[in-house]
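A.B. asks: Here's a structure for you.
Each reported figure results from applying straightforward, stated rules to the coordinates on display, with no laboratory input. In this text, all values refer to a predicted model and were calculated from it rather than measured experimentally. Ideal geometry is used to build each Cβ from the backbone, glycine not excepted, and the neighbour counts take in all protein chains shown.
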Amino acid sequence: MQRSFFPRALIALAALAASLLATGAHAACTLSVSPANIDFGSRPAASLPASDLPGWRLLGQRTGTLTGVCDTPQSQLRLRLTNVQASPTAGLLLLPARPASAAPGAMRLRLQEARAGGNAVLVSVESSSAPATTSVDVTQPSSVIVLHLAQPLPANTGFSVQLNMTALLPASFTPAQLTSFAAQPAVELVN
């Protein structure tokens, strides 16, 4: 019997919420992402709507928040996503499937609404020639994200970035069994 639905906690990004979402420390800074669990509900694979990207269906969209605080002043904030892989489709990150024999999905990750010390700041991807703006797509593993501070961030002052995650499945995806999707990226300060 072929199952064509996804588990209730389509932990598709619950693990994204577990490592992006797990707490990490770097030097004098502590980073965390919340919520810890992202639920996409249960639905038949055939019911997934087409995405705006040809050849892909929309599994779901969720939002998380990356927060951080450093116990020393910071003149710049540079963050890197680690433990993520590129998707064969340009501009997307890989969303591994479990069991491993199932076809992987993909993920779009957009960072926006960056704030430092309560003030809105612009954000950019260090390797891109695009100017700093209010939102940026992370399209490559190990991308360095820069929060453009107008002035140094005092010690023990928080910063945050909204993470918009869009999970996608290939339009040809037909599960032979119950399949979940998970990613386990981490975030580190690169200063």
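A.B. asks: List the relative contact order of the range 86-164 as a percent without decimals, with contacts defined as Cα pairs under 8 Å and 6+ residues apart. Walk me through the intermediate numbers first.
C.D. replies: Numbers: 153 pairs, mean separation 25.8, N = 79.
The value is 33 percent.
A.B. asks: Starting from the Cα-Cα distance between THR157 and GLN61, subtract it from 0.36 nm times their residue separation and give me the gain in nm to one decimal. Let's see the in-between values first.
C.D. replies: Numbers: separation 96, 0.36 × 96 = 34.56 nm, distance 2.98 nm.
Extra length from THR157 to GLN61 when fully extended: 31.6 nm.
A.B. asks: Which net charge results when you count Lys and Arg as +1 and Asp and Glu as -1 among the other residues whose beta-carbon is under 14 Å from that of ARG80?
C.D. replies: Working: positive: ARG78; negative: GLU126, GLU188.
Spelling it out: positives minus negatives among the neighbours equals -1.
A.B. asks: Can you grab the distance from the C-alpha centre of the range 125-190 to the C-alpha centre of the range 43-92, Å, no decimals?
C.D. replies: 5
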